[in-house]
Structures are given as C-alpha cells and as structure tokens.
Amino acid sequence: MKNKWSYPEKMNQMKFKESHQQKVLSQLDTPPRKGKPRMLLLSSLTAAALVVILLGSALFMPAMENVVAKIPYISQFIKEEEQRLDQMENISDQVKIIAKENGLKIGNLQLRLEKKELKVAFTGLSGNEKNLSDQIQTQLGEAGLTGYEVTVVPFKEKEIQAERSKEEIEQDMRDSEALQATLTKRLKAEGYELMFPISVRINDIEGIFMNVIVPETEDRLDQLKEIMKEEAQVYGDEYKLDVRQVQKIAREQEKQWAKTGALGHIASALMEAKNLPVTGFAYSFHPYPLQITVKTSLNEGDPDAQQIAQEISSEIDLLIQSDEETEAIRDARYNVKVLSKDKKEIK
C-alpha cells in the first residue's frame, strides 16, 4: 500500500522529466548489442590471478547457498564480489569495443573499482591517448558506468617479457582456446547442458584452469570432472577444476533480459537523473529471480526515504513496461531493493 506523500511538490521533482523518459525510451528503441562471452581481456598475470579469486565467488553450489544465507556477513560479501566481477567484465567489454573500432589491441588493463580509476595500455599506440581516453569514457557512460577516470598509455612489451617471453604467452592463449573447443565438443557429445560458455585459462600461475557450469539438476558431476581431467592432460599435469551448478530458470532469464538491453538502459537512466538520489546500480540473476539493487544517498531514517525508494522502484517498472523492445520481459519476475547510503534496505 502506498504511503501518502507528505510533500506533493517533491513528488513532482523526483519523477523523471518527460524529456528524460523520452531519451531513455529512444535508447530502448536502439537494437541491443550482441551478447559477448563472459571473459576478461586482461593481459597482466596479476590481474588474471585476481579474476580467479573473484570468479570463485560469482556463482556457487545450491548447497553452499543455503549455508551462506544463514551467515549475513559472508552472504553480503559474496553478493558484493559477484557484483564487482560483473562490473569488471562490463567495463572490459566496453574497452574492447573501442579497441576494435580503432584497430588496436589491449596490452594491459588495470582497474580500481573503489576509486573508479581505469588505466588501459594499447599496443602500437602513438600519440592518440587523449582521444582514446575520451572515447572510452563516452562508451562507459552509454553503458551506465559513469564517473570513471580513464588513462590511456602505450603498452610496453618489455614489462611482460621480463618474466615470460611473448611467444610463451601467445602459446598459452592458443592452448587455452584449443582446450576450450575440444572440452566443449566432448561435453556436448556426452549430453551435458552448458549454462555458460566453458572458461579455460592456461598460464604459469594457475597451470590449467577450467570452469564448467551446468544445471543444478545435473547429477553426473564425477564423470564430468573425469572428462575435464582427460582433456587437460594433453596440455600438462597441473590443473584446477571448477565445476558449478546454477538454476536453469535463472540462466534462461539472464539470456532473455540480455537480448533487450533493458538493464543497461535502466542503470543509465537512474544514474543520470539528477533529481533521483541514485549513487549505484547492480543486479544478479543467480539465484532466481533477478535481483536489482539500487544504491542511494538517502539515510534510512529520512522521513521521505520510503516514498522516494518506492518512486525509484516505480520508475524501473515504468521503463520495463513502456517500450516494445521489453515486451518479452514484462511478465518476468524480478525484485528491486533500494539501499540507503549505509547499504541498508529501505523497505
């Protein structure tokens, strides 16, 4: 039941202006970008090691999910790490778009999420740093990732060659792609349903790392691990197996929403609306249903906090229900949480 707004004039100020709504709806009319594999384009081995740690928190077994839910601190930590990983992947994807448009290759990418600092080193770069920095900032802004300080520099290959040769690194990349292809083909032939593309990394830090995600109903996990070991032995004896299970309905929902591009448009609209106290936006499809989290600068005890939170939630509903591109998800289940600045949910 809606609470009566005690300050009518504030209510009018809080709503998206008509011009802003039209801007957002016109964005929704733009054909969505094609989906991209969930992988980070990080050449730095230190960054690769960080991704392994984060990936371990992104998705977890249903049995562990029940345990962690009873420990609020750990549960919150896992959710935040999942959000961090999603944001890192999103930022990397946006940088790859700019790299492709300019015919460049990313040599290194350093990201500090807390300080919103991004440093990108491009191979073969000569005197175009400022322009590329502006392009990346614009691309991030269009994806709802505002406020990042972007630095572009030429990539110095000697920094990596000091530890490993360029040839060794390139061979690891080729082996990673080959193992990913053969493992994918084998598992599909054995009747395994893959919820996400298989992730394979071969390097001198992890050895051989393989991540396979299957439905929570799959019960042939021991056989799956044996197949992974057999395929990995072609490339070495040191390997790490990461087998996870997720809800099939959650993955199907994720694919459906990805086709619409709705979440990116919603994030952009909320972050750009100057009359809405939104400071952050995150989402998670696992577990089902979709959880949308909106961070604000509100204090939990503010007299208008509940009404403003309801207004933000209503704006999300409005965007989902207002364009033909989102027709496929209008009946989808999702929960919206609006958080105060100390990360407490405003009921």
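All of the numbers you see were taken from the coordinates with simple rules; none came from a lab. Nothing here was measured: the structure is a model prediction, and the numbers come from that model.
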Enumerate the amide H contacts of LYS240 below 5 Å, restricted to partners 5 or more residues apart or on another chain; note that Pro and chain-start residues carry no placed amide H.
ILE208, PHE209, MET210
Taking H as built 1.01 Å from N, whose amide H comes closer than 5 Å to the amide H of VAL338, not counting residues under 5 places away?
VAL294, ILE346
Under the Karplus curve 6.51 cos²θ - 1.76 cosθ + 1.60, θ = phi - 60°, whole-Hz ³J(HN,Hα) for the range 126-138, x wherever Gly or Pro sits
8, x, 10, 4, 5, 5, 5, 4, 5, 4, 5, 4, 5
Note on the range 110-226: alpha-carbon gyration tensor, axes a ≥ b ≥ c; rule is a/c under 1.5 for rounded, else prolate if a/b larger than b/c, else oblate; result oblate
List, in order, the whole-Hz ³J(HN,Hα) value for each residue of the range 318-328 obtained from phi through the Karplus relation with A = 6.51, B = -1.76, C = 1.60 and θ = phi - 60°; use x for Gly and Pro.
4, 5, 5, 8, 9, 9, 5, 5, 9, 4, 5
Whichever aspartates and glutamates have a C-alpha closer than 14 Å to that of LYS130, once near sequence neighbours (fewer than 8 apart) are set aside
GLU149
Enumerate the aspartates and glutamates that LYS166 could reach by cross-link, defined here as Cα to Cα under 20 Å, with residues fewer than 8 away along the same chain left out.
GLU157, ASP175, GLU177, ASP204, GLU206
